[in-house]
Amino acid sequence: MQGKALVYDMAVIGGGPAGYTAALYAARAGLTAAVLERTAPGGQMAATGVIDNYPGFDEGVEGFLLAQKMQAGAERFGAKTLYAGAAAAELSASPKRITLDSAANGGSSELLARTVVLATGAGPRRLGLPEETALAGRGVSYCAVCDGMFYRGKTVVVAGGGNSAADDAEYLARLCKKVFLVHRRDALRAAPARQRALEAAGVEFVWNSRVAGILHNETVTGVRLATDGPGGATERVLPCDGVFIAIGRVPDTALFAGQLPMDEAGYLLADETTRTALPGVFAAGDARKKPLRQIVTAAADGAAAAYFAGEYLREHPARP
């Protein structure tokens with residue numbers, strides 16, 4: 001306690017799979033834990049129609065249902081959910097101070113905690129087309145590993161030219177009848193060897209082009225491509241069953257700028273222990289710089305964060 005203010009052992013910013021797994025492991029270990037979630041539990045997971053690659057569900061599971069189960073699991077052991085976002089955070093303070101954007105903490109606008117897990121996630125960078133959001137889950141995807149199996153034997157377009165787009169195209173080439181990779185330039189930003197490997201896998205490149213529109217009925221039926229040429233841009237329709245957008249992701253970490261090291265894209269720097277450069281502060285899930293971002297890897301980060309937060313608390317006992 002500090003005065004009359006409750007000081008949690010752990011505050012978790014973000015109620016996705018990383019955040020609720022951290023809260024679950026912390027609460028089971030006898031720690032007091034609060035999860036800050038501005039809207040509804042689950043993050044991007046909650047907006048996913050069917051999740052087919054999370055262990056334990058032989059017929060898949062709706063993203064929103066899985067999010068609710070994760071929340072319920074953490075709360076069963078005493079973790080609390082505060083429906084508020086973080087407007088500011090003093091991560092080097094002792095205890096750490098989080099300013100809430102609404103009065104969710106028993107009427108208080110401030111949350112105090114001895115450790116903090118940053119599980120704010122990352123969202124896909126979008127093309128910005130008007131029909132893009134409405135078609136998410138109905139032919140538009142931002143994750144080949146998540147959704148590729150739904151397009152087995154079908155024709156898909158991958159939009160992008162970096163390593164993520166190359167990874168997606170290579171993965172989809174093992175499942176789909178035909179994969180087109182559409183890129184604004186005349187060569188991939190990925191290494192030249194990747195291009196040769198994709199060509200060998202049967203991926204067809206559409207250079208100097210961009211997806212200018214997505215055609216659809218109830219689901220995606222094709223894309224409208226704008227291709228640059230000597231006489232200007234020309235447009236054509238490329239029929240397909242799905243569009244995988246791989247032009248990068250945007251981590252939700254701006255709140256922590258200047259307090260923690262990040263890479264050039266804004267991802268928090270932390271190793272596999274999830275420890276950051278600030279003692280008692282941990283980065284878990286998609287907000288952390290890491291090679292693979294999946295629900296299961298986010299959950300693994302949450303478990304690691306809770307474990308090492310507990311270790312930190314044992315080494316730094318609360319003052320009387």
How high is the relative contact order of the stretch 192-320? Use alpha-carbon pairs under 8 Å, at least six apart in sequence, and give a whole percent. 12 percent
From most to least accessible, 1.4 Å probe, no ligand or DNA/RNA atoms counted, C240, C143 line up as C143, C240
Once the principal axes of the Cα atoms of the stretch 86-214 are found, what is the range along each, listed largest first in whole angstroms? 58, 32, 27
If amide hydrogens are placed 1.01 Å from N in the peptide plane, which non-local residues have theirs closer than 5 Å to the one on H216? T221
Residues with amide H under 5 Å of V182's amide H, sequence separation 5 or more or different chain, H placed in the peptide plane at 1.01 Å from N; which? V158, A159, G160, V206
How big is Rg to Rh over the stretch 1-120, alpha-carbon atoms, Rh as the Kirkwood inverse-mean-distance radius? 1.01
Can you pull the three principal axis extents for the Cα set of the stretch 83-154, in Å, largest first? 56, 24, 21
Show me the ranking of peptides 11-18, 174-181 by mean Cβ neighbours inside 10 Å, starting with the highest. 11-18, 174-181
Run lengths n ≥ 4 of DSSP H only: what is the helix-derived mean residue ellipticity at 222 nm for the chain, with -39500 (n - 2.57) per run over all residues, to the nearest 500? -7000 deg cm²/dmol
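Taking all protein chains as present, what is the carbon and sulfur share of the accessible area of the stretch 276-320, in % to the nearest whole number, probe 1.4 Å? Kindly include the intermediate steps, with their values, before the conclusion.
Working: 1330 of 2170 Å².
Here carbon and sulfur together make up 61 percent of the probe-accessible area.
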Could you bin all the Cα-Cα distances of the stretch 244-320 into 10 Å bins starting at 0 and give me the percent of pairs in each, rounded to whole numbers? 18, 46, 27, 7, 1, 0
Return the ratio Rg/(2.2 N^0.38 Å) for the chain, where Rg is computed over Cα atoms only. 1.11
Considering only protein heavy atoms, what per residue accessible area in square angstrom results for the stretch 249-298 with a 1.4 angstrom probe? 45 Å²
Please give the per residue accessible area of the stretch 2-134, computed with a probe of 1.4 Å over protein heavy atoms only, in Å². 45 Å²
Just how far, in whole angstrom, is the stretch 217-293 from the stretch 104-160 if you go by their alpha carbon centroids? 9 Å
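With a cut-off of 8 Å between alpha carbons and a minimum separation of six or more residues, what is the relative contact order of the chain in percent?
Taking the mean separation of contacting Cα pairs over the length of the chain, I get 20 percent.
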Length gained when the stretch T99-R138 is fully extended (0.36 nm per residue, less Cα-Cα span): 10.2 nm
Considering only DSSP states other than H, G, I, E and B, which GluC sites (Glu not before Pro) in the stretch 29-88 qualify as loop sites with at most 10 other Cβ atoms within 10 Å? E59
Sorted largest first, the C-alpha extents of the stretch 163-303 along its principal axes in whole angstrom are 57, 37, 33
Those cysteines in the chain that have no second cysteine Cβ within a distance under 4.7 Å are C176, C240
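In terms of solvent-accessible area of protein heavy atoms at a 1.4 angstrom probe, what is the ranking of E110, E272, E131, E199, highest value first?
E272, E199, E110, E131
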Angle, helix 295-315 long axis vs. longest principal axis of the chain, Cα atoms, 0 to 90°, nearest 10? 20 degrees
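The values are calculated or read from the model by the stated rules, or taken from the named source; none is laboratory data. Note that the structure is a prediction, hence the values are computed from the model and not measured. When we count neighbours, we look across all protein chains shown, and the Cβ atoms used for this are built from the backbone with ideal geometry, even at glycine. SASA here: full protein model, heavy atoms, side chains in, ligands and nucleic acids out. Shrake-Rupley method; radii C 1.70, N 1.55, O 1.52, S 1.80 Å.
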